[in-house]
1. Which of the residues that make up segment 162-206 are within 22 Å of His26 (Cα to Cα) and polar (S, T, N, Q)?
2. Considering (1) over 20 Å from Phe58 (Cβ atoms); (2) buried (at least 18 other Cβ atoms within 10 Å of the Cβ), say which one Ile104 fails and leave the rest.
3. Does at least one position in segment 41-49 carry a residue that is over 15 Å from the mean Cα position of the chain (by Cα), crowded, with 17+ Cβ neighbours inside 10 Å and over 27 Å from Met122 (Cβ atoms)?
4. Mind listing whichever residues of segment 155-189 are surrounded by 16 or more Cβ atoms within 10 Å (Cβ to Cβ), among the small types (Gly, Ala, Ser) and over 27 Å from Ala119 (Cα atoms)?
5. Tell me which of these Ile6 doesn't satisfy, since it passes every other one: (1) surrounded by fewer than 16 Cβ atoms within 10 Å (Cβ to Cβ); (2) under 23 Å from Glu153 (Cα atoms); (3) of a type in the set (Val, Ile, Thr).
6. Can you tell me which residue within segment 16-40, out of those that are among the polar types (S, T, N, Q) and under 15 Å from the mean Cα position of the chain (by Cα), is surrounded by the fewest Cβ atoms within 10 Å (Cβ to Cβ)?
7. Hey, can you tell me all the residues within segment 113-139 that are of a type in the set (D, E, K, R) and touching a residue at least 40 places away in the same chain (Cβ under 8 Å)?
8. Which count do you get for residues in segment 65-116 that are among the β-branched types (Val, Ile, Thr) and under 26 Å from Val171 (Cβ atoms)?
Amino acid sequence: MMGIEIIRADRKLAETYATHIPGLVHATGPKSYNYIFSHQPLYDTFIDAAWKAPANFFSHEQSTLAFENGAFLGVLISHDGSEHYRLKDGVWPIAQELAKKGSIAESDIAALAERAEIASFMNPHVPEDCTYILVVSVPETARGRGAGRALIEREVERARERGVSRVHLDVMSDNPAVGLYAAMGFEPMAETVTPIPCRKHGLAMELRMMLRL
């Protein structure tokens with residue numbers, strides 16, 4: 001996209017734009033994150049710490065940022081399929097460290113782990129030979145300018161450069177971004193309803209979408 005610059009995040013950029021990240025991640029699935037984290041302070045504290053830390057799902061190390069004329073337009077967080085479960089496991093040491101410091105309550109960890117395990121049934125297995133996009137998010141004030149598409153296009157280029165044949169992502173079926181993904185060639189491969197989050201807590205069906213390269 002002309003005028004939009006895609007930059008790999010480093011520690012300096014991570015610190016500069018850290019305040020944007022919890023809200024942007026949350027916007028990709030508000031009901032899902034509300035269910036898993038139960039209350040906003042826990043969510044904000046955890047995502048902020050995870051973004052700044054290495055080797056976990058939400059780390060800046062797996063992120064690219066979009067800018068236009070120096071203005072921040074959005075973030076994409078992704079990783080190789082072979083790293084998926086290692087990075088997923090990397091979130092728990094962060095929660096434990098926050099509890100050790102007194103930033104979150106010990107009781108929050110057990111409840112968070114239980115809800116996260118239940119929610120994980122909504123996501124099909126991630127194969128090793130793919131690129132997995134965890135988050136694509138653009139601030140509401142910057143939508144419609146092509147930043148989301150530019151971030152995904154750069155990620156697809158990176159996947160091709162690596163010789164990967166597929167890009168996977170999970171998205172709630174009520175997320176308007178489903179239309180963008182479909183327009184870019186992503187197809188729904190699975191539609192998942194998990195009884196406790198979906199039927200008891202009102203979460204929408206989750207879609208696993210895949211782009212063949």
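The values are calculated or read from the model by the stated rules, or taken from the named source; none is laboratory data. Fair warning: this is a prediction, and the values are worked out from it, not measured in the lab. Here Cβ is always computed from backbone atoms with ideal geometry, including for glycine, and neighbour counts include all displayed protein chains.
1. Ser173, Asn175, Thr192, Thr194
2. Single failed check for Ile104: (1).
3. Filtering segment 41-49 for residues over 15 Å from the mean Cα position of the chain (by Cα) gives 41-42, 45.
Now narrow it down to the ones that are crowded, with 17+ Cβ neighbours inside 10 Å: 42, 45.
From what's left, over 27 Å from Met122 (Cβ atoms): none.
For segment 41-49, residues over 15 Å from the mean Cα position of the chain (by Cα), crowded, with 17+ Cβ neighbours inside 10 Å and over 27 Å from Met122 (Cβ atoms): absent.
4. Ala159
5. Here Ile6 clears every test but (1).
6. Of all residues in segment 16-40, those among the polar types (S, T, N, Q) come to 16, 19, 28, 32, 34, 38, 40.
Of the ones still in play, those that are also under 15 Å from the mean Cα position of the chain (by Cα) are 28, 32, 34.
Numbers: Thr28: 19, Ser32: 20, Asn34: 16.
Among those that are among the polar types (S, T, N, Q) and under 15 Å from the mean Cα position of the chain (by Cα), it is Asn34.
7. Result: Arg115, Glu128, Asp129.
8. 4
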